[in-house]
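J.: I have a structure here, written as structure tokens, and I will follow up with some questions on it.
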Amino acid sequence: MRAADLGMLQRPNDRLRRRRAVNRGMELLAWLAAAIAVAILGIVVWSVAKRGASELNLDLLTKPPVPFAIGPVQQGLANAFAGSLVIVGLATAMALPVGILVAIYVNEFAPRPIRLGVGLTLDVLNGIPSIVIGIFVFGLLVVGHGQKGWVGAFALAVLMLPLVARSMIEVLALVPGSLREASLALGVPRWRTTLGIVLPQTVGGVVTGTVLAVARVAGETAPLLFTSSIVGNQTSWNPGHALQSIPVAIFELSEQPDPADHARAWAAAFVLLLFILFASLSARWLATRSRRKIGRAGR
Amino acid sequence: MRETKGVSVSVSSAIERAVRVETKREPLPPRERLQQVFEIEDLTAVYGSNPALKDVSMEVYKNLVTAVIGPSGCGKSTFIRCLNRMNDLVPGFRQTGTIRYHGQDIAAKDVDPVAVRRTIGMVFQRPNPFPKSIQDNVAWGLKVLGMKDNLPERVERALTQAALWDEVKDRLKASALSLSGGQQQRLCIARAIAVEPDVVLMDEPASALDPIATQAIEQLVHELKSEYSFVIVTHNMQQAARVADMTAFFSISRGDEGERWGELIEYDATEKLFTAPSDKRTEDYVTGRFG
């Protein structure tokens, strides 16, 4: 290196100073953007927790609402929690097998053009607003038949399907091709290879994708307003009837004039938020674990 | 200066080793008296629009080790993957010509590749054990293929044949991924021979292994050839000289418009091919003037 170049390193000139300033400026902007993202989550959690945590107690989870309550009556949202459990559980039961089969077909069997086509379809389906899915299911299954819990679950399953299938496709793609070859070279048919060698590698990924999809649809309100929202106050586990759910309960309570109803809405929102935070964190944990497992197998 | 000397020393010692093994080899009976396993005629293989192999014709004989050598890109891997229809899995792959396996054309469209792979096993370049226990790696193929009688004995036999039993007999339940690379490759060999194939194809089985593990694999092939027929792809000429009875030399040919494909240049008894090759290109390759 020439001496002049070395000198430039030691005595910064104007151009170098300007570059350093721009560098610092951009770094600061990027840092601010990241800080804003974190802050928004923080503010949401904090404001919901502040208003909801004080109202959170066992009665909220176990007692049904009492209409036109006079005086200090212990009332809760048991019907909404039970309904949400049934609806989301059923939705998962519908979306999970279909999503896994779609992913297996796309990744293990389909020729390239079909693979790309199905992938695009899943992305489009994922982008459809939930209220559109809601009105579609309303027109398909509610008009003339009435609202039912399982119909709400079906609407949520439509929302879950692309999420489950997409994440499953990603995990299947992580399974090294050398394992499939090893099995096929033994004279094992393709479907046995998929079941016996490929799928066991993806358990962590399936759980992760499912948990994320559940977290996503547990808070969906619009499809349930169309399909499972005209309900009484008694707690029911029967998906053959319309069931109350947490998001719909939050929506309805927040429209009431009574401040006690608002408080319960906040408490329900807090429970929903806790559930989603917990689900996301456990999904993240499972994803890291399964990726590490597959990575080891690949070597 | 020093580097050049080091290289020349290692090459000459490798050749000495090769020659030492070669001299131990019994002479091959004349080809007419050998039993054919594969009879390959005008095999041409194409990936998409790129030719990989053109007009390969040769025979593979029973209970011999047949080596396929040649420079990178000469189609030697493509060639052995044709022998058990592994290339069917590659999109855009097409082949023409016939591959008669004990007289039956296995390259034909109506032949089930699963049945072909059932009797023609394969060991890959990189060890690829299943992420299961050592025992399950060997037993899985047996279970799926319905060879469930005497399962523990079959597993032990395969591991013994693969010279791995003594090292793993106390930890059969341990993960196969806890084994060393050389042990993993021997496990893959055990897995392949457990289902009692007729032919074992090996695609550069030692290229990811250290010299000692390589030696173990070569020893193994030498001992097992009385039971199986082996076809081994290798880019290591010393290895071919050490283990193979017959050697096929593939090379790259270039067309007028710059297209390249692999071709079989010479196929002969290993000793003949290495000491008195009849083609100039073979001679250049085995003497190290090319590739």
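J.: Only one of B:GLN185, B:GLN219, B:GLN238, B:GLN215 is among the polar types (S, T, N, Q) and either buried (at least 24 other Cβ atoms within 10 Å of the Cβ) or in contact with a Ser or Thr (Cβ under 7 Å, 6 or more places away or on another chain) (or both); which?
T.: Criteria check complete, one pass: B:GLN185.
J.: Is there any pair with a first residue in the range B:22-40 that is at pLDDT below 80 and a second that is assigned to a strand (DSSP E or B) and not acidic (Asp, Glu) whose Cβ atoms are under 8 Å apart and which are 6 or more apart or on different chains, and what are they?
T.: Qualifying pairs under 8 Å: B:LEU28/B:MET246; B:LEU28/B:ALA269; B:ARG31/B:TYR61.
To keep it simple, each residue is scored yes or no on (1) more than 18 Å from B:PRO197 (Cβ to Cβ); (2) surrounded by fewer than 18 Cβ atoms within 10 Å (Cβ to Cβ); (3) of a type outside the set (D, E, K, R); (4) within 11 Å of chain A (Cβ to nearest Cβ).
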| position | (1), (2), (3), (4) |
| --- | --- |
| B:ASP112 | no, yes, no, yes |
| B:ILE120 | no, no, yes, yes |
| B:PRO129 | no, no, yes, yes |
| B:LYS132 | yes, no, no, yes |
| B:ALA139 | no, no, yes, no |
| B:VAL155 | no, no, yes, no |
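J.: Residue by residue through the range A:212-233, note down the ones that are surrounded by 23 or more Cβ atoms within 10 Å (Cβ to Cβ) and of a type in the set (Val, Ile, Thr).
T.: A:VAL214, A:VAL217, A:THR227
J.: Okay, moving on. For A:LEU156, are the conditions met, namely being more than 14 Å from chain B (Cβ to nearest Cβ), part of a helix (DSSP H, G or I) and more than 16 Å from A:THR92 (Cβ to Cβ)?
T.: No; evaluated as a whole, the condition is false for this residue.
J.: In the range A:161-189, how many are among the hydrophobic types (A, V, I, L, M, F, W, C), assigned to a loop (DSSP other than H, G, I, E, B) and facing chain B (nearest Cβ under 7 Å)?
T.: Looking only at that region, the number is 3.
J.: For the structure I just gave you, tell me whether A:VAL198 is part of a helix (DSSP H, G or I), out of contact with any Phe, Trp or Tyr (no Cβ under 7 Å at 6 or more places or on another chain) and more than 20 Å from A:GLY83 (Cα to Cα).
T.: yes
J.: Let me ask another. Please enumerate the residues belonging to the range B:175-200 that are of a type in the set (Gly, Ala, Ser) and either facing chain A (nearest Cβ under 10 Å) or farther than 23 Å from B:ASP149 by Cα (or both).
T.: The answer is B:SER175, B:ALA176, B:SER178, B:SER180, B:GLY181, B:GLY182, B:ALA192, B:ALA194.
J.: Check off (1) touching a Pro at 6+ places or on another chain (Cβ under 9 Å); (2) assigned to a loop (DSSP other than H, G, I, E, B); (3) among the aliphatic types (A, V, I, L, M) for B:ALA206 and give me the number that stays unchecked.
T.: Exception for B:ALA206: condition (1).
J.: Continuing with this model, one more query. Only residues that are closer than 21 Å to B:SER49 by Cβ, out of contact with any Asp or Glu (no Cβ under 6 Å at 6 or more places or on another chain) and within 14 Å of another protein chain (Cβ to nearest Cβ): list them for the range B:66-85, please.
T.: Within the range B:66-85, B:ARG81, B:CYS82 qualify.
J.: Oh, and also: I'd like to check something: does the range A:236-256 contain any residue that is free of Cβ contacts under 8 Å to residues at least 60 places away in the same chain, assigned by TED's automatic domain parsing to the domain that holds A:GLY144 and in a loop (DSSP other than H, G, I, E, B)?
T.: Yes; the residues of the range A:236-256 include at least one that is free of Cβ contacts under 8 Å to residues at least 60 places away in the same chain, assigned by TED's automatic domain parsing to the domain that holds A:GLY144 and in a loop (DSSP other than H, G, I, E, B).
J.: A further question follows. Looking only at the range A:134-143, decide whether some residue is surrounded by fewer than 20 Cβ atoms within 10 Å (Cβ to Cβ), farther than 30 Å from A:GLN244 by Cβ and away from chain B (no Cβ under 14 Å).
T.: No, the conditions are met nowhere in the range A:134-143.
The values are calculated or read from the model by the stated rules, or taken from the named source; none is laboratory data. Keep in mind that this is a model prediction, so the values were computed, not measured. Glycine gets a Cβ as well: all are built from the backbone with ideal geometry, and neighbour counts include every protein chain shown.
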